[in-house]
Structure formats: structure tokens, C-alpha cells
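**Q** Right, I'll just put the structure down here and ask away after.
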Amino acid sequence: MRKNEAKALLEQARAAWDAEQWQLAADRYEEVLRHFPDEEPSAIWWFDAALAHKFLRNWPKAFELGKEAAARAPRGEGDPAYWNLGIAATVLRDWPAARDAWSGFGIALPEGEGEIVGGFGMACVRLETAGEHEVVWAERLCPTRARVVSVPVTPGRRFGEVVLHDGAPTGERIVDGRSYSVFDEILLFEPSDLPTHTATVTAPAPDDLAALIDLFAERGFGAEPAGSVNLLCKCCSEGSHEQQRDVQAGTQQVLLAAPVDGAGPLLDAWAAGGPGRAWRDLHRA
């Protein structure tokens with residue numbers, strides 16, 4: 001291939017990229033790279049080709065091309081080639097490659113081999129289900145995986161599921177003056193077997209409702225007042241939003257994540273633990 005032909009293909013690749021025609025962009029970049037894999041700007045071409053396949057959710061190709069991009073990127077300097085490679089390796093559950101990618105990016109990982117399960121802090125993840133979006137709280141297990149610790153209201157989503165999220169924040173939530181990033185979900189990594197229930201509870205004092213939440217949490221389950229759900233427009237959701245997690249007294253609906261035969265006994269135990277506590281109308285959401 002002559003260099004003028006390569007130049008024309010690169011122009012086509014960039015035009016396809018601007019039009020979000022990811023497959024065409026990847027094809028043109030790859031055609032050039034077959035002939036010019038190690039030109040001075042080739043690291044960018046490898047990166048863009050891998051990123052296009054990431055957008056296409058073609059993870060084997062994103063991984064294959066991402067390795068080439070990372071091989072031409074400096075280690076330990078936060079180069080995004082390593083980040084995208086880490087995502088692709090995680091999707092494919094290639095844990096040695098994922099560990100090497102995160103280390104190449106410059107992230108300190110917990111010692112060990114295999115799947116990465118560490119304490120990377122709390123964040124929010126914007127779940128996407130059939131075009132519907134819901135921002136939930138999640139505990140980050142690695143740079144790209146997080147376990148949902150809210151009880152989602154979106155049908156089909158569950159407390160405890162592990163999701164894989166992107167690395168660029170798309171919003172923030174502020175609680176008690178502390179900022180938490182919002183990341184977009186890429187895919188559901190591991191489902192949860194905990195179904196969602198609703199019940200009406202009577203909590204004489206805020207501490208009574210807090211006790212219910214704590215009781216479920218102690219057993220690895222979820223509970224939260226349905227009134228804590230806030231509806232936001234797209235613009236507000238992707239911006240900075242300050243929120244409070246209010247625990248209020250009174251009769252109210254709660255969302256519960258627990259085994260089918262476990263929610264009722266826990267509600268009974270909670271009701272027996274304080275005067276005036278009561279519950280009714282437990283059913284699957």
C-alpha cells in the first residue's frame with residue numbers, strides 16, 4: 001500500500017468516526033495498520049480502532065487491538081490505552097491481562113492472582129435497561145466493576161448485581177459535602193439472585209426505619225424507603241446533584257431485596273424489636 005492510499009483510508013476512517021460509523025472506522029484503521037503497524041502515529045490508530053470495537057461491544061477485537069495500542073503506550077502514566085484494554089480484558093475474564101492493564105495505567109491493585117476484588121470506594125452507576133436509565137449506588141470492586149448496593153426500581157435490575165462501567169464520569173452526586181462520580185453502565189457482569197419486594201411499614205421514629213435498613217444490611221440484603229427515589233431529567237442527571245438520604249418516621253413503602261422466604265421473617269423480627277413497629281402488604285415488585 002502506498003502512503004497516499006493510506007492517507008485516503010485514514011481520512012475515510014476519521015470521517016466515519018465523526019459520523020459514529022464505528023465498524024467502518026475500525027475497518028479503515030485496520031486496513032492501514034496491516035501495512036503500517038509501527039509508523040510514528042500508529043499508536044493512535046491502534047487506539048482508535050480498539051475504541052471503535054469497544055463502542056461496538058466487540059470485546060475480542062477490542063482486546064486484540066487494545067493490546068497493540070497498549071504496547072505502544074507509556075506505562076504508569078495514565079494512558080487511556082491501558083484503561084480500555086483493562087475493560088476488554090475484564091469482560092473476557094482474562095484476569096492476568098486485566099491486572100497488567102490496570103498496573104500499566106498506574107493503578108495499585110490488591111495483591112494476588114485472578115479476579116480483582118478490592119475496595120475502590122463508593123460511586124454511582126447509571127444503569128441502562130431497554131432505553132430506561134436509573135442511577136444507583138455501587139461499591140467498586142475494581143477500576144471497572146461495581147456491586148449495586150441500592151435496591152433498583154427498574155424492572156429486571158437487582159440489588160447485589162455486579163455491573164461493568166465506563167471510566168469517564170458523566171455526572172456527580174454530592175452527599176454531606178462529599179462528591180461521588182456517576183459512571184455509565186457498559187454491561188451486566190454478574191446477575192443477582194435477590195428479588196425485589198415492596199412492603200408498607202410503620203416506623204414510629206426515624207431510628208426505627210434505620211433499624212430495618214441495618215437489619216437487612218447485616219444479612220447482605222437491601223432495604224430502603226421508596227420515597228428516596230428522585231426523578232431527574234437527563235441534563236440534571238448528568239450534572240452535579242446534591243442529595244440527602246432521609247430516613248423518616250411514619251407509614252411508608254419500602255423496597256426490599258431478599259430471598260422470597262426471607263423478607264417476611266426479617267420484617268417480623270424488626271416489628272418485634274420496638275413498640276409501634278408494623279408492616280403489611282409484602283409482595284414481589
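The values are calculated or read from the model by the stated rules, or taken from the named source; none is laboratory data. What you see is a predicted model; the values in this text were computed from it and never measured. A quick note on method: Cβ atoms are made from the backbone with ideal geometry, for glycine too, and the neighbour counts reach across all protein chains shown.
**Q** Since W59 meets every condition but one in (1) modelled with pLDDT of 95 or more; (2) more than 18 Å from the chain's Cα centre (by Cα); (3) surrounded by fewer than 21 Cβ atoms within 10 Å (Cβ to Cβ), which condition does it not meet?
**A** (2)
**Q** Which of the residues spanning region 105-149 are surrounded by 17 or more Cβ atoms within 10 Å (Cβ to Cβ) and touching a Gly at 6+ places or on another chain (Cβ under 7 Å)?
**A** Selection gives F105, R140, L141, C142, P143, T144, R147, V148.
**Q** Among all residue pairs at least 6 apart or on different chains, which show Cβ distances below 6 Å where the first residue, located in region 15-38, is farther than 19 Å from N58 by Cβ and the second is surrounded by fewer than 16 Cβ atoms within 10 Å (Cβ to Cβ) and aliphatic (A, V, I, L, M)?
**A** H35/M1
**Q** If you take the residues of region 11-31 that are aliphatic (A, V, I, L, M) and either modelled with pLDDT under 95 or within 27 Å of the chain's Cα centre (by Cα) (or both), which of them is nearest to A70 (Cα to Cα)?
**A** By that ranking, first place goes to A26.
**Q** Right, something else. Being under 30 Å from K54 (Cα atoms) and without any contact (Cβ under 8 Å) to a residue 60 or more places away in the chain narrows it down to one residue among D184, D268, D214, D207; which is it?
**A** On the way: D268 fails: under 30 Å from K54 (Cα atoms); D214 fails: under 30 Å from K54 (Cα atoms); D207 fails: under 30 Å from K54 (Cα atoms).
D184 is the lone residue from the list that is under 30 Å from K54 (Cα atoms) and without any contact (Cβ under 8 Å) to a residue 60 or more places away in the chain.
**Q** Still on this structure, I have one more. Residues of region 211-228 being at pLDDT 95 or above and surrounded by 14 or more Cβ atoms within 10 Å (Cβ to Cβ), which ones?
**A** A211, L212, I213, L215, F216, F221, G222, A223
**Q** Scan region 229-247 residue by residue and report those that are under 24 Å from the mean Cα position of the chain (by Cα) and either modelled with pLDDT of 75 or more or in a loop (DSSP other than H, G, I, E, B) (or both).
**A** Let us first name the residues in region 229-247 that are under 24 Å from the mean Cα position of the chain (by Cα), namely 229-245.
Answer for region 229-247, where residues must be under 24 Å from the mean Cα position of the chain (by Cα) and either modelled with pLDDT of 75 or more or in a loop (DSSP other than H, G, I, E, B) (or both): V229, N230, L231, L232, C233, E238, G239, Q243, Q244, R245.
**Q** Out of A50, A16, which single residue is of a type outside the set (K, R), surrounded by 13 or more Cβ atoms within 10 Å (Cβ to Cβ) and within 25 Å of L92 (Cα to Cα)? Walk me through it before giving the result.
**A** On the way: A16 fails: within 25 Å of L92 (Cα to Cα).
From the options A50, A16, the qualifying one is A50.
**Q** Also, quick follow-up: Tally the residues that are more than 11 Å from P191 (Cα to Cα), surrounded by 17 or more Cβ atoms within 10 Å (Cβ to Cβ) and not acidic (D, E), restricting the search to region 157-173.
**A** Within region 157-173, residues that are more than 11 Å from P191 (Cα to Cα), surrounded by 17 or more Cβ atoms within 10 Å (Cβ to Cβ) and not acidic (D, E) number 4.
**Q** How many residues, within region 176-220, are assigned to a loop (DSSP other than H, G, I, E, B), out of contact with any strand residue (DSSP E or B) (no Cβ under 8 Å at 6 or more places or on another chain), over 30 Å from S240 (Cβ atoms) and not hydrophobic (A, V, I, L, M, F, W, C)?
**A** If we filter region 176-220 for residues that are assigned to a loop (DSSP other than H, G, I, E, B), which is where we start, we get 176-177, 191-195, 204-205, 219-220.
From the residues that got through so far, the ones that are out of contact with any strand residue (DSSP E or B) (no Cβ under 8 Å at 6 or more places or on another chain) too are 176-177, 191, 193, 204-205, 219-220.
Subsequent filtering for residues that are over 30 Å from S240 (Cβ atoms) retains 191, 193, 204-205, 219-220.
If we keep only those that are not hydrophobic (A, V, I, L, M, F, W, C) too, we end up with 191, 193, 204, 219-220.
Looking only at that region, the number is 5.
**Q** Looking at E11, E30, E77 in this structure, which one is out of contact with any strand residue (DSSP E or B) (no Cβ under 6 Å at 6 or more places or on another chain) and either assigned by TED's automatic domain parsing to the domain that holds I186 or closer than 27 Å to E185 by Cα (or both)?
**A** On the way: E11 fails: either assigned by TED's automatic domain parsing to the domain that holds I186 or closer than 27 Å to E185 by Cα (or both); E30 fails: either assigned by TED's automatic domain parsing to the domain that holds I186 or closer than 27 Å to E185 by Cα (or both).
Checking each option against the conditions leaves just E77.
**Q** Another question about this same structure. Against the conditions (1) surrounded by 14 or more Cβ atoms within 10 Å (Cβ to Cβ); (2) of a type in the set (A, V, I, L, M, F, W, C); (3) closer than 23 Å to V91 by Cα, where does A71 fall short? Just the number, please.
**A** Evaluating A71 over (1) surrounded by 14 or more Cβ atoms within 10 Å (Cβ to Cβ); (2) of a type in the set (A, V, I, L, M, F, W, C); (3) closer than 23 Å to V91 by Cα leaves (1) as the failure.
**Q** Shifting gears a bit: Please tell me if D38 is outside any helix (DSSP H, G or I) and among the charged types (D, E, K, R). Steps first, answer last, please.
**A** Numbers: outside any helix (DSSP H, G or I): yes; among the charged types (D, E, K, R): yes.
Criteria met by D38.
**Q** With (1) modelled with pLDDT of 90 or more; (2) within 30 Å of P143 (Cβ to Cβ) as the list, and G276 as the residue in question, which single condition is left unmet?
**A** (2)
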